[in-house]
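The block underneath contains the structure these notes are about, expressed in structure tokens.
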Amino acid sequence: MIQIRNLHKSFGDLEVLRGIDLDIAVGEVTVIMGPSGSGKSTLLRCINRLEKITSGTVIVDGQDVMDKKTDLNFVRTEAGMVFQQFNLFPHMTALENVTIGPIKVRKMNHNKAKKLGMELLSKVGLEDKALTYPDHLSGGQKQRVAIARSLALKPKVLLFDEPTSALDPELVGEVLEVMKQLGREGMTMVVVTHEMGFAREVADRVIFIDEGVIIEEDTPEEIFSNPKHDRTKSFLGKVI
Amino acid sequence: MGTGFDFNFQVIWESVPFLLTGLKLTLLITIFGLLMGFFLGTLTGLMKISRNIVIQKIGGIYIESIRGTPVMVQVMFIYFGLPLALNMRVAPMVAGIVAIGINSGAYIAEIVRGAFQSIERGQTEAGRSIGLSNLQTLLYIIWPQAFRRMIPPLGNQFIISLKDTSLLVVVGVGELTRTGQEIIASNFRAFEIWLTVAVMYLMVTMSIAKVLNLMERRLEIRA
């Protein structure tokens, strides 16, 4: 699904990613962990080209994201993104947030889009909030609408950038529940998160990144109970 | 022996129909001038936030040169100066509209730029991440939000431009101020006439403020 080879990314003099190799298979749930500033978010953002990569290759569903012939708008619909700050469109209702993608990008007619939007909102448990504006939704509800918005494009992979970090503790569960359900349905997901419970329950693999390189990758059981690298150990020691 | 001044309602009453004709011209110039200004301002405001340095500079030069010169000079340049260089005649009314348009455009550009830059980056990223093109993101995501933030400063600019039309007396457009001057030239009732002219301007500016206020609140409720 995703092949990353020798990916480097610099912001000016600062090299954030220093040679990442990573393969993500269809249906796989990958959790990325690492200290802040380690490059986790940048890695996600390189996958759907919100950041331009400095060197290396990123191939999403057979399309090289750096190739000039690649339609970036298309790549972005293949890899949906869920943001830490939700980034819902405040001037649109929950339903409109979900349907704008299908209507404008997929040229779907309004009735069909509305039907799809309602299906997706009920999937995330928010069909009764369809006509509500984001300002009147809780953080957890906003993030669930954002997930529905990404799903509306029927992406092949969903990228989550710390989806629960901006939430009050009591709202984290409802978002993780939706994500777990997606995982069980076979959605390919790459999730930057520090939620150990989620990783343990849903992830096929946990990747630990520090200073722009992959330090260690393994199954969640193995990495949490038996981390091999010192940096992984000290990080997990602080997080748990 | 008084001061010799007695307030005369009769002259106000008689001048109102003439002043209203002038007011109509004032409003026409303001409306068309601002339409032009809004178009110019949106265009150059967006040019200023373009990533293309040449486009950015062109927008910048326009904004700087208009903001840095008096409206009165701009009006006279457009009416008396340009026709000489272009070897053509310009109707005073057209010159007035163009002057108001070019002038307000520079200020509106800054309003547009500020509003666009105040929209969080995440909004653009979210738009792009669901596959919207750059233009679609601008049109459907950024513009509606930015427009809301533009309303209060735009209202301010509308009022300023309306008042600026009074400077068009120098090119002989028969707008409100000019009409007032002409009436006074024949009846010498400066106090009554200027007072009436002032009240007419005030009524229009207050209406503009009121309408924009309502508009702002309406858009507020929706989000």
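Some values worked out for this structure:
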quantity: Pairs of Cα atoms farther than 22 Å apart, the stretch A:170-240, %; calculated: 24
quantity: Charge tally in the Cβ shell below 11 Å around A:Ala113, where Lys, Arg are +1 and Asp, Glu are -1, A:Ala113 excluded; calculated: +4
quantity: Overall form of chain A per C-alpha gyration tensor (a/c, 1.5; a/b vs b/c); calculated: oblate
quantity: Chymotrypsin sites (Phe, Trp or Tyr not before Pro) restricted to DSSP loop in the stretch B:95-192 with at most 11 other C-beta within 10 Å; calculated: B:Phe188
quantity: Non-local Lys pairs in the stretch A:113-168, i.e. 8 or more apart or on different chains, that have alpha carbons under 17 Å apart; calculated: 9
quantity: The stretch A:81-189 shape via C-alpha gyration tensor axes, a/c threshold 1.5; calculated: oblate
quantity: Whole-Å semi-axes of the stretch B:1-147's equivalent ellipsoid (Cα gyration tensor); calculated: 42, 22, 14
quantity: For the stretch B:67-191, the fraction of alpha-carbon pairs in successive 5 Å shells from zero, as %; calculated: 2, 10, 15, 14, 12, 11, 10, 9, 7, 5, 3, 1, 1, 0
quantity: Equivalent ellipsoid semi-axes - Cα gyration tensor, the protein assembly as shown, angstrom; calculated: 61, 24, 18
quantity: Distance from the stretch A:25-54 to the stretch B:155-174 (C-alpha centre basis), Å; calculated: 56
quantity: Reach of A:Lys104 by Cα under 14 Å, taken over aspartates and glutamates that are not fewer than 8 positions away in the same chain; calculated: A:Glu96
quantity: Per-pair calculated FRET efficiency, R0 = 51 Å: A:Asp230 and B:Arg121 via Cβ, rounded to 0.05; calculated: 0.90
quantity: Lysine pair count for chain B [Cα-Cα under 27 Å; pairs on different chains or 8 or more apart]; calculated: 4
quantity: Average Cα contact separation per residue, chain B, under 8 Å, 6 or more apart, as relative contact order %; calculated: 30
quantity: Tail beyond 11 Å, pair distance distribution of the stretch A:102-149 (Cα, percent); calculated: 67
quantity: Of the DSSP H helices in chain B, those whose Cα atoms cover at least 24 Å axially and whose Kyte score averages 0.5 or more; calculated: B:9-48, B:92-117, B:190-222
quantity: Under 5 Å, built H, 5+ apart or other chain: amide partners of A:Thr132; calculated: A:Ala94, A:Leu95
quantity: Whole-Hz couplings from phi, Karplus 6.51/-1.76/1.60, listed for the stretch A:37-52; x for Gly and Pro; calculated: x, 7, x, 4, 5, 4, 4, 4, 5, 6, 5, 9, 6, 6, 10, 7
quantity: Angle in degrees between helix A:169-184 and the longest Cα principal axis of chain A, rounded to the nearest 10; calculated: 90
quantity: Gyration tensor verdict on the stretch A:1-70 (Cα atoms; rounded if a/c is under 1.5, prolate if a/b is larger than b/c, oblate otherwise); calculated: oblate
quantity: D (Stokes-Einstein, µm²/s), Kirkwood Cα radius, the stretch A:132-190, 1.567 mPa s at 4 °C; calculated: 108
quantity: The stretch A:69-125 and the stretch A:183-215: distance between their alpha carbon centers, rounded to Å; calculated: 24
quantity: Distance in nm between pseudo-label sites at A:Asp64 and A:Lys154 (7 Å out along the Cβ direction from Cα); calculated: 2.9
quantity: Computed [θ] at 222 nm, helices only, for the protein assembly as shown once each DSSP H run of length n ≥ 4 contributes -39500 (n - 2.57); calculated: -18000 deg cm²/dmol
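We did not get these values from a lab; they are worked out from the coordinates using the rules stated. Since we're looking at a predicted model, the values are computed, not measured. Virtual Cβ from ideal backbone geometry, glycine too; neighbours counted across all protein chains shown.
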